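To start, the structure itself, in structure tokens.
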Amino acid sequence: MPLSQLLKGNVAIGQSGGPTAVINQSLVGVVEGIRQGLHAVGVVDRILGMKNGVRGLTKGEFHDLTDMHQDRLDRLGMTPSAGLGSTRDKPDTNYCQRIVDACRTHNIRYFFYIGGNDSSDTCRIVNEIANSSGHEMRCFHVPKTVDNDLMENDHTPGFPSAARFVAMACMADFMDNISLPGIKINVVMGRHAGFLTAASALARRHDRFTSIEGESTDGPQLIYLPEVAFDTDRFVADVEAIYAKKGRCHIAVSEGISDKDHNPIAAKLIKGGQVDAHGNVQLSGSGALGDLLSDLLKEKLTPAGGKPPRVRADTFGYVQRCWPDPSPVDSVEARRSGRFAARLALSGERDGSVAIVRQSSGTNGMPYLSTYRRVELSAIAAKTRHMPPEFIKGHNNVSQAFIDYCLPLVGDLPGFERL
């Protein structure tokens with residue numbers, strides 16, 4: 001688009017929702033893209049980072065990123081968590097009107113928001129209100145979520161790094177389970193989508209196949225996802241079968257597992273629990289689900305007159321999100337997502353969300369390759385992507401198709417020796 005047709009003003013960039021190991025890479029990518037494009041040609045004057053997302057924007061609170069030295073930007077990109085600060089605010093129409101008013105006050109014409117599906121919805125509403133009220137703007141959503149639940153994307157920045165953490169944590173935890181046998185339960189993030197819990201399957205050593213065992217029996221031997229109805233009696237039977245054979249059992253459970261009527265198991269246990277702006281009971285900060293499942297197994301698997309089995313549970317919680325060992329693929333793709341959003345603005349696009357497209361699988365000797373495309377905000381906003389059926393095996397496992405999908409994203413995993 002000719003420069004004369006581009007809007008002149010300032011840029012505002014914000015981060016929203018749960019932080020990740022690579023959300024700052026996306027921030028830096030947007031800044032770099034703007035400085036090399038819109039700022040370089042004189043269309044944009046200032047690049048303003050919103051403090052704590054749209055909450056800071058409505059208060060006029062910013063970090064000025066216009067002239068930040070590249071060395072500092074590079075360090076920021078490698079730093080986990082949200083450098084600008086984040087927010088859980090879910091703006092409604094009135095809130096978005098305040099956002100537009102603040103944009104008018106600070107001559108903001110380009111609005112970039114890094115976050116999940118609710119962040120894309122904020123972009124959509126802000127764009128509509130701004131344009132209908134005479135303050136023309138360009139609004140772009142940059143994807144981010146460890147849950148990997150954004151529509152239109154092969155995967156989302158933040159997920160590969162969190163998946164890497166889950167896989168490595170389960171690798172180490174399984175070795176612990178072998179050393180001191182018992183039943184171990186790990187509760188993993190994922191309210192509605194099971195991608196992150198499914199990544200625990202990468203902990204298994206697939207080089208230990210035998211003609212006798214067939215599939216690897218490394219842990220976690222049981223994986224429970226929110227896409228599959230959870231039945232407590234079936235769960236007990238699953239654990240009992242493995243425990244009876246091996247004297248131990250290693251389990252990964254999504255925090256969002258629900259019964260056949262779609263009632264979350266954990267939410268029913270947390271009385272008076274904290275809720276977020278969407279009315280969801282906080283799951284990740286509570287160990288209630290792990291405690292419930294532990295108590296259930298002790299009750300059901302204790303022989304008459306005998307001792308209960310050794311059962312322990314850990315809730316991975318927030319530590320999954322920002323562990324400072326990001327996937328190399330994730331770091332690169334998150335930064336490029338931000339740069340691509342800036343290029344959309346330079347090309348004259350009015351709005352949109354960035355989606356990651358896989359060009360080459362990364363399996364069967366093929367390299368892993370990805371690219372980016374613009375999608376409509378309405379295709380992302382307030383929608384949830386679930387694990388597809390081909391990624392799920394039975395009621396307590398994942399398929400080889402999921403392993404092939406996920407392995408190229410997480411980076412090299414350590415190899416442990418066994419006696």
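Give just the number: which of (1) assigned to a loop (DSSP other than H, G, I, E, B); (2) over 30 Å from GLN5 (Cα atoms); (3) out of contact with any Phe, Trp or Tyr (no Cβ under 8 Å at 6 or more places or on another chain) does HIS135 not satisfy?
(2)
Taking the range 75-95 as the region of interest, how many residues are of a type outside the set (Val, Ile, Thr) and either free of Cβ contacts under 8 Å to residues at least 24 places away in the same chain or farther than 23 Å from ILE23 by Cα (or both)?
So the first thing to find is which residues in the range 75-95 are of a type outside the set (Val, Ile, Thr), and the list is 75-78, 80-86, 88-92, 94-95.
Checking which are either free of Cβ contacts under 8 Å to residues at least 24 places away in the same chain or farther than 23 Å from ILE23 by Cα (or both) leaves us with 75, 92, 94-95.
Qualifying residue count for the region: 4.
Just to verify a result, which residue in the range 97-117, among those that are surrounded by 20 or more Cβ atoms within 10 Å (Cβ to Cβ) and part of a helix (DSSP H, G or I), is modelled with the lowest pLDDT? Outline the logic, then answer.
Our first condition is that a residue be surrounded by 20 or more Cβ atoms within 10 Å (Cβ to Cβ); within the range 97-117, this holds for 99-100, 103, 108-117.
Checking the rest, the ones that are also part of a helix (DSSP H, G or I) come to 99-100, 103, 117.
Values: ILE99: 95, VAL100: 95, CYS103: 97, ASN117: 89.
Across the range 97-117, the extreme among qualifying residues is ASN117.
Name every residue in the range 311-364 that is basic (Lys, Arg), surrounded by 15 or more Cβ atoms within 10 Å (Cβ to Cβ) and not in a strand (DSSP E or B), in order of residue number. Lay out the reasoning, then the answer.
The first filter runs over the range 311-364 and keeps only residues basic (Lys, Arg), leaving 312, 321, 335-336, 339, 343, 350, 358.
Narrowing further to those that are surrounded by 15 or more Cβ atoms within 10 Å (Cβ to Cβ): 312, 321, 335-336, 339, 343, 358.
Scanning the range 311-364 gives ARG321, ARG335, ARG336, ARG339, ARG343.
So how many residues does the range 379-419 have that are of a type in the set (Asp, Glu) and in contact with a Ser or Thr (Cβ under 9 Å, 6 or more places away or on another chain)? Write out each step before concluding.
So in the range 379-419, the residues of a type in the set (Asp, Glu) come out as 390, 404, 412, 417.
Still in the list and also in contact with a Ser or Thr (Cβ under 9 Å, 6 or more places away or on another chain): 390, 404.
Number of matching residues: 2.
Of all residues in the range 147-195, which are among the basic types (Lys, Arg), in contact with a strand residue (DSSP E or B) (Cβ under 9 Å, 6 or more places away or on another chain) and not in a strand (DSSP E or B)?
ARG191
Name every residue in the range 227-236 that is touching a residue at least 60 places away in the same chain (Cβ under 8 Å) and buried (at least 16 other Cβ atoms within 10 Å of the Cβ), in order of residue number.
Result: GLU227, VAL228, PHE235, VAL236.
Tell me whether the range 43-60 contains one or more residues that are closer than 16 Å to GLY17 by Cβ, among the hydroxyl-bearing types (Ser, Thr, Tyr) and either in the same structural domain as SER353 (by TED's automatic domain parsing) or surrounded by fewer than 24 Cβ atoms within 10 Å (Cβ to Cβ) (or both).
Among the residues of the range 43-60, not one is closer than 16 Å to GLY17 by Cβ, among the hydroxyl-bearing types (Ser, Thr, Tyr) and either in the same structural domain as SER353 (by TED's automatic domain parsing) or surrounded by fewer than 24 Cβ atoms within 10 Å (Cβ to Cβ) (or both), which makes the answer no.
What pairs come out if I take residues in the range 360-377 that are more than 17 Å from ARG343 (Cα to Cα) and pair them with residues that are in a loop (DSSP other than H, G, I, E, B) and of a type in the set (Gly, Ala, Ser) whose C-beta lies under 6 Å away, six or more apart or interchain?
The qualifying pairs are TYR368/GLY362.
Conditions: (1) at pLDDT below 95; (2) at positive phi; (3) touching a Lys or Arg at 6+ places or on another chain (Cβ under 7 Å); (4) not hydroxyl-bearing (Ser, Thr, Tyr). GLY134 meets all but one. Number of the miss?
Single failed check for GLY134: (3).
What single numbered condition from (1) hydrophobic (A, V, I, L, M, F, W, C); (2) more than 19 Å from SER120 (Cα to Cα); (3) over 22 Å from the mean Cα position of the chain (by Cα); (4) outside any loop (DSSP other than H, G, I, E, B) fails to hold for LEU57?
The single condition LEU57 does not satisfy is (2).
Being buried (at least 24 other Cβ atoms within 10 Å of the Cβ) and of a type in the set (S, T, N, Q) is the filter here; which residues of the range 118-139 pass it?
SER119, SER120, THR122
Check VAL146 against each of (1) β-branched (Val, Ile, Thr); (2) at pLDDT 95 or above; (3) more than 30 Å from ASP351 (Cβ to Cβ) and name the one condition it does not meet.
(3)
Considering only residues of the range 81-96 that are of a type in the set (S, T, N, Q) and buried (at least 16 other Cβ atoms within 10 Å of the Cβ), which is nearest to PRO326 (Cα to Cα)? It would help to see each step written out before you state the result.
Keep residues of the range 81-96 that are of a type in the set (S, T, N, Q), which gives 81, 86-87, 93-94.
Adding the requirement that they be buried (at least 16 other Cβ atoms within 10 Å of the Cβ) leaves 81, 86-87.
Working: SER81: 12, SER86: 20, THR87: 22 Å.
Once the filter is applied, the top-ranked residue is SER81.
Restricting to the range 368-383, what's the tally of residues that are part of a loop (DSSP other than H, G, I, E, B) and modelled with pLDDT of 95 or more?
Looking only at the range 368-383, we keep the residues that are part of a loop (DSSP other than H, G, I, E, B), and these are 376, 380-383.
Remaining after also requiring modelled with pLDDT of 95 or more: 376.
So the count comes out to 1.
Which of the residues that make up the range 1-41 are over 29 Å from the mean Cα position of the chain (by Cα), of a type in the set (A, V, I, L, M, F, W, C) and either assigned to a helix (DSSP H, G or I) or surrounded by 24 or more Cβ atoms within 10 Å (Cβ to Cβ) (or both)?
LEU3, LEU38
The values are calculated or read from the model by the stated rules, or taken from the named source; none is laboratory data. These numbers come from a predicted model, not from an experiment. Ideal geometry is used to build each Cβ from the backbone, glycine not excepted, and the neighbour counts take in all protein chains shown.
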